[in-house]
Amino acid sequence: MALQNINPINDQLADIIVRAGDPWVESEPGKAWIKVLWTGPESGRWAALFRWKKGYVAPRHKHLAAAHTYILKGKLQVRGGTLEAGDYDYEPNGVLHDATTALEDTEYLFISDGHIVFYNEDGLTSYLGWEELQRMKDAAQK
């Protein structure tokens with residue numbers, strides 16, 4: 001006799017599989033792309049691959065939640081340091097970034113627990129979170 005029933009109550013539970021051939025979304029024409037891996041509406045978390053051409057500069061931003069970065073290939077100039085292929089970076093909630101620059105063609109895995117806001121000297125310019133990423137992914141798959 002089984003000790004307890006472990007069958008899922010939610011019959012909608014399923015793996016999320018992103019195939020190698022799934023689309024990259026161009027976020028900056030000819031310079032930057034995102035492949036959305038997962039968005040979690042219940043938590044606000046999300047995971048994506050980023051691909052930046054050498055010389056691409058991401059604008060100043062603030063993390064409104066913790067984030068994890070793993071560099072797959074290339075190099076990024078981040079807050080006065082350099083991240084290279086194989087490097088992992090944990091960024092706690094509240095981290096401020098000046099511009100982040102791709103020193104080489106770079107790809108990295110990024111997992112965020114929430115939104116990122118972008119800003120300039122005049123204030124907030126945009127934000128990125130699971131809803132924006134899901135919209136981008138849905139549009140690319142049409």
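Please treat every number below as a calculation from the coordinates, not as lab data. None of these values were measured; they are calculated from a predicted model. Positions of Cβ are generated from backbone atoms using ideal geometry, with glycine treated the same way; all protein chains shown enter the neighbour counts.
Here are the numbers for the structure shown:
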item: Estimated FRET transfer efficiency (Thr82, Glu131; beta-carbon r; R0 41 Å; 0.05); result: 0.80
item: Stokes-Einstein D for region 45-140, Kirkwood Rh over Cα pairs, 20 °C, 1.002 mPa s (µm²/s); result: 157 µm²/s
item: Nearest-ten-degree value, helix 130-140 long axis tilted from longest Cα axis of the chain; result: 90 degrees
item: Per-residue ³J(HN,Hα) for region 114-129, Karplus 6.51 cos²θ - 1.76 cosθ + 1.60, θ = phi - 60°, Hz, x for Gly and Pro; result: x, 7, 10, 10, 9, 8, 9, 5, 8, x, 5, 10, 5, 9, 9, x
item: Region 45-140: relative contact order as a whole-number percent, Cα under 8 Å and 6+ apart; result: 38 percent
item: Dimensions (Å) - region 2-87, Cα atoms, principal axes, largest first; result: 58, 28, 24
item: Cross-link pairs Lys31/Lys142; Lys54/Lys142; Lys62/Lys137 - those with Cα-Cα distance over 27 Å; result: Lys54/Lys142
item: Whole-angstrom gap from region 18-41 to region 74-142, using each part's C-alpha centre; result: 13 Å
item: Linear extension gain, Asp98 paired with Glu26, 0.36 nm per residue minus alpha-carbon span; result: 23.7 nm
